[in-house]
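Below: one structure, written as structure tokens.
The values are calculated or read from the model by the stated rules, or taken from the named source; none is laboratory data. Worth saying up front: this structure is predicted, and the values here are computed from it rather than measured. Don't worry about glycine lacking a Cβ; one is built from the backbone with ideal geometry, like all the others, and counts go over all protein chains shown. When the accessible area is computed, the model is the full protein with side chains, heavy atoms only, and any ligands, DNA or RNA have been set aside. Shrake-Rupley method; radii C 1.70, N 1.55, O 1.52, S 1.80 Å.
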Amino acid sequence: MNESRPAMPRCDAAGRPSRRTFLRQSAALGSLAGLSVGTGFWSSRLPAEERSASEKLNIGVVGTANQARYSIDNLKGENIVALCDVDEVLLGKAGAEFPKAKTYVDFRRLLEQPDLDAVAICTPDHIHAPATVRALRLGKHVYCEKPLTHTVAECRLVREEAAKAKKATQMGTQIHAGDNYRRVVEIVQSGAIGPVTEVHTWAGHGFGGLERPSDTPPVPAGLHWDLWLGPAPERPYNPAYVPFKWRSWWDFGGGVVADLACHHMDLPFWALGLRAPTSVAAQGPPVHSESCPLGLEVRYEFPARDGQPPVKLTWYNGERIPRQIHGFELGEKKQLGPAGNLFVGQKGLLFADYGTYRLLPEADFAGFTPPPASIPNSIGHHAEWIKACKEGTPTTCNFDYSGGLTEAVLLANVSYRSGQPLVWDAAGLKVTNTAEAERFLHKKYRAGWEI
């Protein structure tokens, strides 16, 4: 976004650009109608789960660029009947590609569209729960990007609402659909490295370390700043927040932990059957009231499960990533790589990142033969969800599984911001050893955005 863009005319009372505006904008952008699909009269009359696999869903997408664009590309084989973006320039580009889709700048209006079967929510973190909860309560199938929510309390609410709605859900941890994660899970669960008592997980640099800007430049033409803020406390627009830089601020994101831990911690959660930790202790630089840290080290403890021993999992990012773990160096072309997981078992170690794995020490596993593949390869992360919407089949990152993962991930920031290690009562959704942490489990919402 920049100030040199042409000013955008006003929207109508429903939160949509006017028809005249949209047609003029579409003509200026050029037609991409070859990729568009019709909504289909019959398809809006049958519940999604009663249709055959060949019939198309009516899908709305909240967000139209960047990660949202990735979802649109994976969903456009269905009927894209609604699009939402608070930036009218981006919305216009997407609308030109799908001219039969209704367009909105307010996701609350999109969710009221009566022919919607399902919605994909691809927004900054602070919008995830308000949009997801509304969609579930309206009976929609929901795909939501990671982390599932902005706070731990929101995450529990989303899990509860999903259980009541009985709709197809999937969190956008796309790497879960990759073949490599499946092979690693099979190896760990085969006992090749023995019972696992320790995991080290690391990724990325840091988002944060910033001071709140004091200047108040004009809002770029076409950007609905108040709608972008949504439930967050009111503050003036500044390019320090959008696009993408919102991950550096507590009001909108949660730093690198919220951004990447759902991808990387997903692997030990899956392989070891982890759920809720019993304790979480985070360390980092001095806490800033508004901006996230440039690095964290977080120590989790998980209880014994189904004959497996307790597990200590340590997360590192940014300036807190060590140079070595168990004597192995981290980094490009090193044995452990710049991001990934190191499983520590009684018989050996296993390093895995998104696309590769390595058993260590290598000499101990010379000639190793992996167990036969037992976990079917995915048909695709979005495709799983589409199939589930139509047929009621399971998804691998449904909101119960991914909700438990997200709760654990977000507890890292609760511990860090409260300055205390946490003793966690998952059943009661409370920290039992310090009252200071309570306010970081929840948050307040601006009027009109409550859930």
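Only one residue of N58, F440, F302 has its Cα farthest out toward the positive end of the dipole of the chain, where Lys and Arg carry +1 and Asp and Glu -1 on Cβ, and that residue is N58. Projected label points at A427 and E290, each 7 Å from Cα along the beta carbon direction, are separated by 4.2 nanometres. The length gained on full extension between W449 and I379, counted as 0.36 nm times the residue separation minus their Cα-Cα distance, comes to 21.6 nm. DSSP assigns beta bridges within the chain; of those with both partners inside it, close to 60 percent run antiparallel. Look at the dipole of the chain built from charges on Cβ: of S378, L110, A162, the Cα furthest out on the positive end belongs to L110. Helix 125-137 and the longest principal axis of the C-alpha atoms of the chain enclose an angle of approximately 70°. In this rough spin-label picture, where each label sits 7 Å from Cα along the Cβ direction, the Y354-N180 distance is 0.8 nm. At full extension, T434 and S190 could sit 83.9 nm farther apart than now, given 0.36 nm per residue minus the alpha carbon distance. C389 contributes an accessible area of around 0 Å² to the protein surface, as traced by a 1.4 Å probe with all chains present. Distance between the C-alpha centers of segment 353-427 and segment 168-237? Whole Å please. So the two Cα centres are separated by 14 Å.
Loop-only chymotrypsin sites (Phe, Trp or Tyr not before Pro) in segment 236-311, please: DSSP not H, G, I, E or B, and at most 15 other Cβ atoms within 10 Å.
Values: sites: Y237, Y241, F244, W246, W249, W250, F252, F269, W270, Y300; in loops: Y237, Y241, F244, W250, F252.
Those that pass, being in a loop and sparsely packed, are F244.
Each residue of segment 224-327 gets 143 Å³ once the volume of the Cα convex hull is shared out per residue.
Seen from A203, the other residues with C-beta closer than 10 Å to its C-beta sum to a net charge of -2, counting Lys and Arg as +1 and Asp and Glu as -1.
Evaluate E = 1/(1 + (r/R0)^6) for H442 and A363, where r is the Cβ-Cβ distance and R0 equals 51 Å; express this FRET efficiency to the nearest 0.05.
About 0.50, to the nearest 0.05.
Normalise the Debye intensity by I(0) for segment 284-437, one equal point scatterer per Cα, no solvent, then take log10 at q = 0.17 Å⁻¹ and round to two decimals. Reported log10 I(q)/I(0), two decimals: -1.29.
Compare L294, L330 by solvent-accessible area with a 1.4 Å probe and give them largest first, with all protein chains kept in place. Present the calculation step by step, with values, prior to reporting the outcome.
Values: L294 75, L330 30 Å².
Largest accessible area first, the list is L294, L330.
For V61, the residues 5 or more places off, or on other chains, whose built amide H falls under 5 Å of its own are A82, L83, C84, A120.
3J(HN,Hα) along segment 324-335, derived from phi through the Karplus expression 6.51 cos²θ - 1.76 cosθ + 1.60 where θ = phi - 60°, amounts to 9, 9, 6, x, 9, 7, 9, x, 4, 6, 9, 5 Hz, with x in place of Gly and Pro.
For segment 118-265, report the convex hull volume of the alpha-carbon atoms normalised per residue, in Å³, without decimals.
Numbers: hull volume 22.9 nm³, N = 148.
With only Cα atoms used, segment 118-265 gives 155 Å³ per residue.
Backbone geometry of segment 242-251 corresponds, through the Karplus equation with coefficients 6.51, -1.76 and 1.60 at θ = phi - 60°, to 3J(HN,Hα) couplings of 9, x, 6, 5, 4, 5, 7, 10, 4, 5 Hz, x marking Gly and Pro. The phi torsions of segment 227-237, fed into the Karplus equation with coefficients 6.51, -1.76 and 1.60 and a -60° offset, translate into couplings of 6, 4, 4, x, x, 6, x, 5, 7, x, 4 Hz, rounded to whole numbers, with Gly and Pro shown as x. Amide H contacts for L360 (H built 1.01 Å from N in the peptide plane; partners 5 or more residues away or on another chain; cut-off under 5 Å): L349, L350, F351.
For E329, the residues whose modelled amide H falls within less than 5 Å of its own, excluding neighbours fewer than 5 places apart on the same chain, are Q335, L336.
Ignoring ligands, DNA and RNA, what percent of the 1.4 Å accessible area of the chain is carbon and sulfur?
Details: 10000 of 18750 Å².
Carbon-and-sulfur percentage of accessible area, whole number: 53.
Charge tally for L359 (other residues, Cβ to Cβ under 12 Å; Lys, Arg +1; Asp, Glu -1): +1.
Each Lys or Arg adds one and each Asp or Glu subtracts one; over the other residues with Cβ under 13 Å from the Cβ of A258, this totals -3.
Mind checking the per residue accessible area of the chain for me, 1.4 Å probe, whole number of Å²? Numbers along the way, then the final one.
Values: 18750 Å² over 451 residues.
Value returned for the chain: 42 Å² of accessible area per residue.
Between K76 and T278, what FRET efficiency comes out of the Förster formula 1/(1 + (r/R0)^6) with R0 = 60 Å and r the beta carbon distance, rounded to 0.05? Efficiency, rounded to the nearest 0.05: 0.85. Each label was represented as a point 7 Å from its Cα along the Cα-to-Cβ direction; for A221 and H205 these points are 3.3 nm apart. Our summary of shape: the Cα atoms of the chain have principal axis extents of 69, 54, 43 Å, ordered from largest down, in whole angstrom.
If the segment from S214 to D115 were pulled out straight at 0.36 nm per residue, it would be longer than the present Cα-Cα gap by 31.2 nm.
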